[in-house]
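What follows is one structure encoded as structure tokens, with my remarks underneath.
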Amino acid sequence: MQATPQKVKHGLAAGPAAAPQRADWTIPQGWEHYTPQEHAVWKTLYERQTKLLPGLACDDFVEGMRQLPMSADEIPNFEQLSETLMRRTGWQIVAVAGLVPDDVFFEHLANRRFPAGNFIRGAHELDYLEEPDVFHDVFGHVPMLMHPVMADFIQAYGQGGLRAQQLGKLTQLARVYWYTVEFGLVQQKEGLRIYGAGIASSFSESTFSIQSDSPNRIAFDLERVMRTNYRIDDFQESYFVLDDLQDLLALAQTDFAPYYERLNHGPTYQPGDVLPTDRVPYRGTGSYHRARPRRG
Ligand code: HBI
Ligand code: FE
């Protein structure tokens with residue numbers, strides 16, 4: 001999800017470089033301006049993904065989705081989503097034009113507002129995302145915001161983000177978000193399941209993360225994750241697995257200061273590394289990434 005300087009959304013030039021009208025970078029969702037073509041892209045993505053996810057996504061994701069005012073028919077209305085979310089976990093969805101600066105993003109999360117892109121990818125680029133659009137942000141993230149523990153965890157991440165920025169530790173903290181909120185797996189009694197939004201909103205990675213022989217699935221360990229680089233340009237080489245989503249509660253309450261201190265020394269790991277100290281429920285073959293060397 002690399003930012004580009006200019007991008008056409010709703011017929012307007014926008015993007016991270018565009019000066020915001022409001023200090024918090026929010027914009028109206030402009031729901032009434034979506035075209036039939038944009039609703040149709042949502043429908044295609046929604047139907048493809050809801051068909052695929054049973055047996056891959058965790059029960060809490062499926063249940064959150066079921067309780068939200070979301071369907072294949074149209075791009076959801078953020079005000080209606082917010083009403084349901086507010087009653088359940090006190091969260092709201094606010095519209096943004098694309099990536100917003102880190103401090104603005106954290107400030108929203110710290111106040112239980114989730115910034116969601118209001119635009120949708122084009123019909124010719126269903127599997128391509130350079131910035132989080134409404135399908136990633138709403139289909140991927142909002143169901144888990146119905147989960148009380150996840151709701152608290154993401155708020156804590158926003159608060160921690162503001163602190164990490166001051167301490168110059170954002171890179172380390174962002175890895176926690178990446179390997180949980182975006183690309184997290186959880187052990188359910190029936191097997192491994194997806195809870196990360198980056199996976200749940202991706203057709204190809206949903207299957208890859210759970211069913212492929214290639215990636216490692218490693219038990220989540222906070223310091224280990226904070227030392228691990230991630231790939232933004234391809235499927236993950238390793239996924240980190242929670243024993244239970246309730247583990248995020250402890251994580252939300254963790255004081256990161258001692259971790260930041262320890263992280264001043266010692267190794268940084270590469271995405272595909274497996275360590276002797278890792279608990280590895282599934283050791284991947286690495287075949288996928290071996291055949292597709294890292295780009296750039
Ligand atoms: N802005 N809209 C939006 N969505 C994100 O997920 C996002 C962002 N700005 C910064 C950011 N994410 C991350 O780089 C931080 O989590 C570090
Ligand atoms: Fe995301």
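The values are calculated or read from the model by the stated rules, or taken from the named source; none is laboratory data. Since the structure is predicted, the reported quantities are computational estimates derived from the model, not experimental observations. Neighbour counts run over all protein chains shown; Cβ positions are idealised from the backbone, glycine included.
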*asked:* Any residue at all in the range 207-219 that's in contact with an Asp or Glu (Cβ under 8 Å, 6 or more places away or on another chain), crowded, with 23+ Cβ neighbours inside 10 Å and either at positive phi or free of Cβ contacts under 8 Å to residues at least 60 places away in the same chain (or both)?
replied: no
*Among the residues of the range 99-132 satisfying the criterion of being farther than 21 Å from residue 150 by Cα and within 12 Å of ligand 2 (Cβ to nearest atom), which is modelled with the lowest pLDDT?*
129
*Scan the range 148-184 for residues that are basic (Lys, Arg) and within 16 Å of ligand 2 (Cβ to nearest atom) and report the count.*
1
*So which residues in the range 170-209 are within 14 Å of ligand 1 (Cβ to nearest atom), hydroxyl-bearing (Ser, Thr, Tyr) and either outside any helix (DSSP H, G or I) or more than 11 Å from the chain's Cα centre (by Cα) (or both), if there are any at all?*
171, 201
*asked:* Looking only at residues that are away from ligand 1 (no atom under 14 Å from the Cβ) and either in contact (Cβ under 8 Å) with a residue 12 or more places away in the chain or hydroxyl-bearing (Ser, Thr, Tyr) (or both) in the range 122-138, which one is farthest from residue 252 (Cα to Cα)?
replied: 123
*Applying the selection to the range 210-242, what residues are assigned to a loop (DSSP other than H, G, I, E, B) and over 14 Å from the mean Cα position of the chain (by Cα)?*
212, 213, 214, 215, 220, 221, 227, 229, 233, 234, 237
*asked:* Which pairs turn up if I take residues in the range 233-247 that are under 13 Å from residue 221 (Cβ atoms) and look for partners that are of a type in the set (Val, Ile, Thr) and outside any loop (DSSP other than H, G, I, E, B) with beta carbon separation below 7 Å, at least 6 apart in sequence or on another chain?
replied: 238/218; 240/218; 240/225; 241/186; 241/218; 242/186
*May I ask you to list pairs of residues, at least six apart or on different chains, whose Cβ atoms are under 8 Å apart, with the first in the range 81-92 being of a type in the set (A, V, I, L, M, F, W, C) and the second being surrounded by fewer than 17 Cβ atoms within 10 Å (Cβ to Cβ)?*
81/69
